[in-house]
Amino acid sequence: MTAVSRLDATGLLSHVGELADLLTATVDGGASVGFLAPLGRAAAVAWWEERAAGVAAGRLAVWVARSADRVLGTVGLAFPDKANSRHRAELVKLMVHPDGRGRGLGRTLLTTAEGAAAEAGITLLHLDTETDSPAETLYLSAGWTRLGAIPDYATTPAGVLCATTVFYKRLGAAAAAV
């Protein structure tokens, strides 16, 4: 049984070790989530600890998918601080541990973040992901619109340049108006 819950800053810090393990396993597994391999555990812990201030300030929302014994996945929403962009958010760091894949956790986390965004009055979500990655299939099947690809935007964990695809999704009344 896997439960998804939103973390406050204290909860994030209490799960920082498990989140670091998830991040290192994701990077080691080849997912392009902004880090190069090998990603040391200390660096992963520090990265997650730095997120706590954003969670506390309401600029970042983080959810975890947790089985009885560990964190198997996470997703976040980053909220802009500009007055003209309060209607949108960026979906960030959707990760599922290699041991948890194939169980629908990615879709569950995505649906959770989308629902929370809609409840918060967000009408537009956006994200970027490695072109031709399994994540693209998930986003397309969940109704996200592929905007286009930017060549040589990032590198894989192995340091190879790769294209990044940008997606968006309208929520709530904005989605119904299309």
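The values are calculated or read from the model by the stated rules, or taken from the named source; none is laboratory data. Computed from a predicted structure; not experimentally measured. No Cβ is skipped: glycine too gets one built from the backbone with ideal geometry, and neighbour counts run over all protein chains shown.
Okay, residues lined up against (1) out of contact with any strand residue (DSSP E or B) (no Cβ under 9 Å at 6 or more places or on another chain); (2) of a type outside the set (Ser, Thr, Tyr); (3) within 18 Å of Leu13 (Cβ to Cβ):
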{"residue": "Ala53", "(1), (2), (3)": "no, yes, yes"}
{"residue": "Arg59", "(1), (2), (3)": "no, yes, yes"}
{"residue": "Arg70", "(1), (2), (3)": "yes, yes, yes"}
{"residue": "Gly73", "(1), (2), (3)": "no, yes, no"}
{"residue": "Leu77", "(1), (2), (3)": "no, yes, no"}
{"residue": "Arg86", "(1), (2), (3)": "yes, yes, no"}
{"residue": "Asp99", "(1), (2), (3)": "no, yes, no"}
{"residue": "Gly104", "(1), (2), (3)": "yes, yes, no"}
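Would you check if His87 is over 17 Å from the mean Cα position of the chain (by Cα) and within 21 Å of Tyr139 (Cβ to Cβ)?
Details: over 17 Å from the mean Cα position of the chain (by Cα): yes; within 21 Å of Tyr139 (Cβ to Cβ): yes.
Here the answer is yes, as His87 does meet what is asked.
Of (1) touching a residue at least 60 places away in the same chain (Cβ under 8 Å); (2) surrounded by 14 or more Cβ atoms within 10 Å (Cβ to Cβ); (3) among the small types (Gly, Ala, Ser), Ala158 satisfies all except one. Which?
(2)
From the list Leu147, Leu171, which residue is touching a residue at least 40 places away in the same chain (Cβ under 8 Å) and of a type outside the set (Val, Ile, Thr)?
Only one candidate qualifies: Leu171.
If you scan segment 101-110, which residues turn out to be surrounded by fewer than 21 Cβ atoms within 10 Å (Cβ to Cβ) and either in contact (Cβ under 8 Å) with a residue 24 or more places away in the chain or touching a Cys at 6+ places or on another chain (Cβ under 9 Å) (or both)?
Taking segment 101-110 and keeping what is surrounded by fewer than 21 Cβ atoms within 10 Å (Cβ to Cβ), we get 101-104, 107-108.
Selection gives Arg103, Arg107, Thr108.
For a quick check of your reading of the model, give me the residue pairs whose first member lies in segment 46-69 and is in contact (Cβ under 8 Å) with a residue 40 or more places away in the chain and farther than 17 Å from Val92 by Cα, whose second is in a loop (DSSP other than H, G, I, E, B) and hydroxyl-bearing (Ser, Thr, Tyr), with beta-carbon atoms closer than 6 Å and at least 6 apart or on different chains.
Ser67/Thr2
Looking at (1) at pLDDT below 95; (2) over 16 Å from Pro98 (Cα atoms), find the lone condition where Ala46 falls short.
(1)
Being surrounded by 15 or more Cβ atoms within 10 Å (Cβ to Cβ) and of a type in the set (Asp, Glu) is the filter here, so list the residues in segment 1-55 that pass it.
Matches in segment 1-55: Glu18, Asp21.
Considering (1) within 17 Å of Trp63 (Cβ to Cβ); (2) surrounded by fewer than 16 Cβ atoms within 10 Å (Cβ to Cβ), say which one Pro151 fails and leave the rest.
(1)
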